[in-house]
Every structure is written in structure tokens, then in C-alpha cells.
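Let me begin by presenting the structure, written as C-alpha cells, before commenting on it.
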Amino acid sequence: MKEIFKKPYIYWLISIFIFYLILNILLSGFYNTIPLIAIYFSSVNWFKLGISLSLTLVIGFLVSVNGILIYIKYKERKKCKGAGTSSVGTIGGLIVGVCPLCITGIFPLIFGLIGISFSFGTLPFQGIEIQVLIALILFISYRQISGN
């Protein structure tokens, strides 16, 4: 883990993190929700939104850490255990979007193309449980890649 925070990997870590967040915001359409949050300030559930945004940052961090670790391990031994799990977590993070309750994400958009209505808002915790699952998958992937 210490190797990730040395040059040049720290620059790649920050770049991947920022790229992932920008891609997630663009794909989920969260930029459309920001003005609505300001308009409906008093009715926003700040606790759920805060948890969702925090989990998005955690997922972005884990995606970038896993990406750098996969590169380092591949460079060292040309074989990397956990790359598939990391890929599943990355794609899962993009599927959920930034805020699974207020944003569509890729998964509901794909279902909408074939005529199926779906929203993470129908789940018991409004999609936050999906974000927790994805963060857990990425953490497991990190443990597999780092060999701990």
C-alpha cells in the first residue's frame, strides 16, 4: 500500500479517482440534480444523501487504488489475482451512479430502453445497500490483489 502513495503512482491514483468521479457524475446525470438540491433544500434527506456521496467517494478511492495495485502487480509478476473482482466493483459503481435514489444510473437506463421501469429508490434503503455491497466487493478485491 505504501508504494501507491509514491511518485508516479500517487499522480495516477489522483487522476483515476477524479476521472472515475467525473465519469460517474456524467453517466448518472448528477449534474442535473445539484440545482434541484438547492431548490428543495429543506426537503432533502441530508443523512441519506451524505451517506450516498460518502460511499461514492469511497468507491472512487477503492477503484483507483485497485487500478494502481493491478498495474503494479502485473508489472511485477505478470499475474494478478482479484482483477475480475475489481472490474465488477468498478462497473457496479458506475451502474449505481452518485446518488442511487435521485439519479437513474446506467442500470435503470438500460432497463428503460427495453421497456422495464426500475429504480433503486424501490429498494429498502433506496439503493445505498447496493453502494455498500460494491464498496465491499472493491475492498475484497483490494485484499486479493495486495495479498493480505
Requested in this report: Name, by its number, the condition in (1) at pLDDT below 85; (2) within 19 Å of ILE14 (Cβ to Cβ) that does not hold for PHE111.
Outcome: (2)
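Considering only segment 8-28, how many residues are out of contact with any Leu (no Cβ under 9 Å at 6 or more places or on another chain) and modelled with pLDDT under 85? Talk me through it step by step, then tell me what you get.
As a first pass, look at segment 8-28 and keep what is out of contact with any Leu (no Cβ under 9 Å at 6 or more places or on another chain): 8-16, 18-19, 22, 25-26.
With modelled with pLDDT under 85 added as a condition, the list becomes 25-26.
Residues flagged as out of contact with any Leu (no Cβ under 9 Å at 6 or more places or on another chain) and modelled with pLDDT under 85 within segment 8-28 amount to 2.
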Report summary line: Counting only residues in segment 58-87 that are of a type in the set (S, T, N, Q) and modelled with pLDDT under 70, the one surrounded by the most Cβ atoms within 10 Å (Cβ to Cβ) is identified as SER86
Query raised in the report: Here is a list of conditions, (1) closer than 22 Å to PHE125 by Cβ; (2) under 12 Å from the mean Cα position of the chain (by Cα); (3) hydrophobic (A, V, I, L, M, F, W, C), and PHE47 meets all of them except one; can you say which number that is?
Result: (2)
Report task. Please identify the pairs in which a residue from segment 1-14 that is loosely packed, with under 11 Cβ neighbours inside 10 Å has its Cβ atom under 8 Å from the Cβ atom of a residue that is small (Gly, Ala, Ser), counting only partners at least 6 apart or on another chain. Result -> MET1/SER146
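The values are calculated or read from the model by the stated rules, or taken from the named source; none is laboratory data. Values in this document were obtained by computation on a predicted structure and should not be read as measured data. So basically every Cβ, Gly included, is an ideal-geometry build from the backbone, and we count neighbours across all protein chains shown.
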